[in-house]
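Just below is one structure, and these are the notes that go with it.
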Amino acid sequence: MAEAASAAATATAEQANGSNGGEQKTRHSEVGHKSLLKSDDLYQYILETSVYPREHECMKELREVTANHPWNLMTTSADEGQFLNLLLKLIGAKKTMEIGVYTGYSLLATALAIPDDGTILAMDINRENYELGLPSIEKAGVAHKIDFREGPALPVLDQLVEEEGNHGSFDFVFVDADKDNYLNYHERLMKLVKVGGLVGYDNTLWNGSVVLPADAPMRKYIRYYRDFVLELNKALAADHRVEICQLPVGDGITLCRRVK
């Protein structure tokens, strides 16, 4: 989540200075919304009609706590959290992994979806952010499902790959971390996720920048990671080990179902 932290700090500073480098200002009032919808009213309608009335009270509490954090744009949006929760129930996931946790909104969505003896290997470089959301996770009664590891994810993944017993053992993985390592994560996850299992890559539409000309005005962090996101999208589309579906939920999420 190092890139996200830098991104959030940059965006916060720009907003405070009233400068956005020529960009259109954020459309929606929802904190950390990450919606690509053009209509404020339509997005608010989705939240108020389908998301908020069904949101678990502890997820609502965590969302509100996160809204007060200076890096709140790093959070998973409420509609994406609802999507992940339902998806995990549909596939019957039990053994899962999350790379990039922040305060744990998507982590809590996962923990609430999997069975009581389900597990989540959760990795992030910042334990302090995770502990900000931990009281809500504990209140929900699902903290026992989470094995949190502070530090970079790649060394942990490499250790897992070294043990053959871990191969094909994960049902679902959610990746919302450093975009320049997504392809490195992908190669390792193709060994760790079972055939028929899913990997979800977040931010694959990257604030809509994927369709902008290279010389279009963008915030620095958007421009820097844009090429990595474009490279990822191209690589996933050509990867015959997976079936893919890219959805305009949140900031774009690409689901990869391992087929071989």
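Residue by residue, here is whether (1) small (G, A, S); (2) modelled with pLDDT of 95 or more; (3) within 17 Å of the chain's Cα centre (by Cα) holds:
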position	(1), (2), (3)
G32	yes, no, yes
E55	no, yes, no
G81	yes, yes, yes
M97	no, yes, yes
G100	yes, yes, yes
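Checked against the criterion of being at pLDDT 95 or above, assigned to a helix (DSSP H, G or I) and surrounded by fewer than 22 Cβ atoms within 10 Å (Cβ to Cβ), segment 243-260 contains not a single residue that satisfies it.
Residue-by-condition table, conditions (1) in contact with a Cys (Cβ under 9 Å, 6 or more places away or on another chain); (2) within 15 Å of D147 (Cα to Cα); (3) of a type in the set (A, V, I, L, M, F, W, C):
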| site | (1), (2), (3) |
| --- | --- |
| Q44 | no, no, no |
| H56 | no, no, no |
| K60 | no, no, no |
| L73 | no, no, yes |
| A78 | no, no, yes |
| N85 | no, no, no |
| L107 | no, yes, yes |
| I120 | no, yes, yes |
| L134 | no, yes, yes |
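State the number of residues belonging to segment 125-142 that are in a loop (DSSP other than H, G, I, E, B), free of Cβ contacts under 8 Å to residues at least 40 places away in the same chain and open to solvent by 30 Å² or more (accessible area, probe 1.4 Å).
The first filter runs over segment 125-142 and keeps only residues in a loop (DSSP other than H, G, I, E, B), leaving 125-126, 140-142.
The next check asks that each one be free of Cβ contacts under 8 Å to residues at least 40 places away in the same chain; those that pass are 141-142.
With the extra rule that they be open to solvent by 30 Å² or more (accessible area, probe 1.4 Å), the set shrinks to 141.
Of the residues in segment 125-142, 1 are in a loop (DSSP other than H, G, I, E, B), free of Cβ contacts under 8 Å to residues at least 40 places away in the same chain and open to solvent by 30 Å² or more (accessible area, probe 1.4 Å).
Any residue in segment 96-111 that is without any contact (Cβ under 8 Å) to a residue 40 or more places away in the chain sitting within a Cβ distance under 9 Å of a residue that is part of a loop (DSSP other than H, G, I, E, B) and of a type in the set (A, V, I, L, M, F, W, C)? List the pairs, counting only those 6 or more apart or interchain. Matching pairs, first to second residue: L107/V101; A111/A140; A111/V142. Note on segment 92-108: among residues that are open to solvent by less than 50 Å² (accessible area, probe 1.4 Å) and in a loop (DSSP other than H, G, I, E, B), the one that is nearest to P155 (Cα to Cα) is G100.
Inclusion of P217 among residues that are surrounded by fewer than 18 Cβ atoms within 10 Å (Cβ to Cβ) and under 23 Å from E80 (Cβ atoms) is not warranted. For segment 109-124, residues that are among the charged types (D, E, K, R) and assigned to a helix (DSSP H, G or I) total 0.
Among the residues of segment 152-161, none qualifies, meaning not one is over 29 Å from E55 (Cα atoms), within 17 Å of the chain's Cα centre (by Cα), in contact (Cβ under 8 Å) with a residue 40 or more places away in the chain and open to solvent by 30 Å² or more (accessible area, probe 1.4 Å).
Just one of the listed residues (K89, K145) is open to solvent by less than 20 Å² (accessible area, probe 1.4 Å), free of Cβ contacts under 8 Å to residues at least 60 places away in the same chain and basic (K, R), namely K145.
The values are calculated or read from the model by the stated rules, or taken from the named source; none is laboratory data. All values reported here derive from a predicted model rather than from experimental measurement. Note: ideal-geometry Cβ built from the backbone for every residue, glycine included; neighbour counts use all protein chains shown. In case anyone asks, the SASA skips ligands and DNA or RNA and just uses the protein heavy atoms, side chains included. Shrake-Rupley method; radii C 1.70, N 1.55, O 1.52, S 1.80 Å.
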